[in-house]
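Please read the structure below before turning to the comments.
The values are calculated or read from the model by the stated rules, or taken from the named source; none is laboratory data. Quick caveat: nothing in here was measured; it's all calculated off a predicted structure. Positions of Cβ are generated from backbone atoms using ideal geometry, with glycine treated the same way; all protein chains shown enter the neighbour counts.
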Amino acid sequence: MRADKNRMNKTVNLKDELNDFMKHIGMDDKMQEIKILNVWEECVGETISKFSSPVRIQRNKLFVKAENPVWRYELANQKEEIIKLLNKSLNKKLIKEIVFI
């Protein structure tokens, strides 16, 4: 009972608590994927986003679908810059590699 009383008086940051909860239930990676979908166009620009889209994240590797081989080549040449922009937008060094498919 006493522990409950102490917890009731404690002020917590809701954002931090939700993030901890999402990690606890294994949804943190899924939330990062959603965030990447939301910032993709902002990071790569409207033209590139019309011809490419992030598919999934697996072990810090982002898989991006490119419309054709020409776009895969172009995106591969910009890979390092795209990684920097995405990580900056996410405020976290989540993406270490991009695979264009």
- [ ] Among residues belonging to the stretch 28-54 that are in contact with a Leu (Cβ under 7 Å, 6 or more places away or on another chain) and outside any helix (DSSP H, G or I), point out the one that is farthest from Asn91 (Cα to Cα).
- [x] Ser52
- [ ] Please list, ordered by first then second residue, the pairs with beta carbon atoms under 8 Å, 6 or more apart or interchain, first in the stretch 70-89 and closer than 13 Å to Glu42 by Cα, second aromatic (Phe, Trp, Tyr) and in a helix (DSSP H, G or I).
- [x] Leu86/Trp40
Open item on the list: Considering only residues that are modelled with pLDDT under 80 and not in a helix (DSSP H, G or I), which ones fall in the stretch 13-27?
Closed with: Ile25, Gly26, Met27
Open item on the list: Ile57 - would you say it is part of a helix (DSSP H, G or I), out of contact with any His (no Cβ under 9 Å at 6 or more places or on another chain), within 26 Å of Lys88 (Cβ to Cβ) and at pLDDT 75 or above?
Closed with: no
Open item on the list: Can you report the number of residues in the stretch 79-101 which are touching a Phe, Trp or Tyr at 6+ places or on another chain (Cβ under 7 Å) and at positive phi?
Closed with: 0
Task: Where Phe63 falls short, out of the listed (1) part of a helix (DSSP H, G or I); (2) surrounded by 12 or more Cβ atoms within 10 Å (Cβ to Cβ); (3) not small (Gly, Ala, Ser) - done: (1)
- [ ] From the list Lys93, Lys88, pick out the single residue that is at pLDDT 85 or above, out of contact with any strand residue (DSSP E or B) (no Cβ under 7 Å at 6 or more places or on another chain), part of a helix (DSSP H, G or I) and exposed (fewer than 14 other Cβ atoms within 10 Å of the Cβ).
- [x] Lys88
